Amino acid sequence: MIEVMISKEQLNERIKQLGKEITDYYKDKTDTLHAVCVLKGSIHFFSELVQNIDLNVEYSFIQVSSYSGVSSTGRIRVKSWIDEPIEGRHVIVVEDILDTGLTLSYILDYLRRYRPADLKVVTLLKKLGRNPQVKPEFVGFEIEDKFVIGYGLDYNEKYRNLPYIGWVKGEIK
């Protein structure tokens, strides 16, 4: 059984606020922001967030994975990487969930090689009780340490299309 943790309405409202926070942070620094979407889990968050940022927003997409089922494998697989130049640009990485920070740390280390002017992180979800390797500048929601699905987050590629963030009470089918 899936329990709703964060409703569609709560997601929409908080993402609007995050868009304003990000706009306010960057508006005196640049008129163009380069947003990097970490696929696949961040796609819904990314799509709504960039519509709420009042700047020119350039898009890049990367696809990395470290999960199999409900747990991290500890190995990071890169499936696709950015192909746009980001040197001297203001870059924000858009992540779905921050747990250990292992994957995000890998992404940030790699992006720093391209020498962006500024490199920040926005995550929709940050798990409480964890001490991740990365400290995001912008956080949507802090959540209990539960395996969550929906709004782009999956269990073996299922449940991504749920319009809310939920957690599974009992066994995942």
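The values are calculated or read from the model by the stated rules, or taken from the named source; none is laboratory data. Keep in mind the model is a prediction, meaning the values are calculated, not measured. Glycine gets a Cβ as well: all are built from the backbone with ideal geometry, and neighbour counts include every protein chain shown.
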Of all residues in region 126-135 being in a loop (DSSP other than H, G, I, E, B) and in contact with a Leu (Cβ under 6 Å, 6 or more places away or on another chain), the one that is surrounded by the fewest Cβ atoms within 10 Å (Cβ to Cβ):
132
All-but-one check, residue 123 against (1) more than 30 Å from residue 146 (Cα to Cα); (2) surrounded by 19 or more Cβ atoms within 10 Å (Cβ to Cβ), failing number (1)
Considering only residues that are farther than 28 Å from residue 84 by Cα and either aromatic (Phe, Trp, Tyr) or surrounded by 19 or more Cβ atoms within 10 Å (Cβ to Cβ) (or both), which ones fall in region 144-161?
147, 148, 149, 150, 155, 159
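If only one of 88, 101, 170 is exposed (fewer than 14 other Cβ atoms within 10 Å of the Cβ), at pLDDT below 95 and small (Gly, Ala, Ser), which one is it? Steps first, answer last, please.
Numbers: 88 fails: at pLDDT below 95; 101 fails: exposed (fewer than 14 other Cβ atoms within 10 Å of the Cβ).
Step by step, each of 88, 101, 170 is checked, and only 170 is exposed (fewer than 14 other Cβ atoms within 10 Å of the Cβ), at pLDDT below 95 and small (Gly, Ala, Ser).
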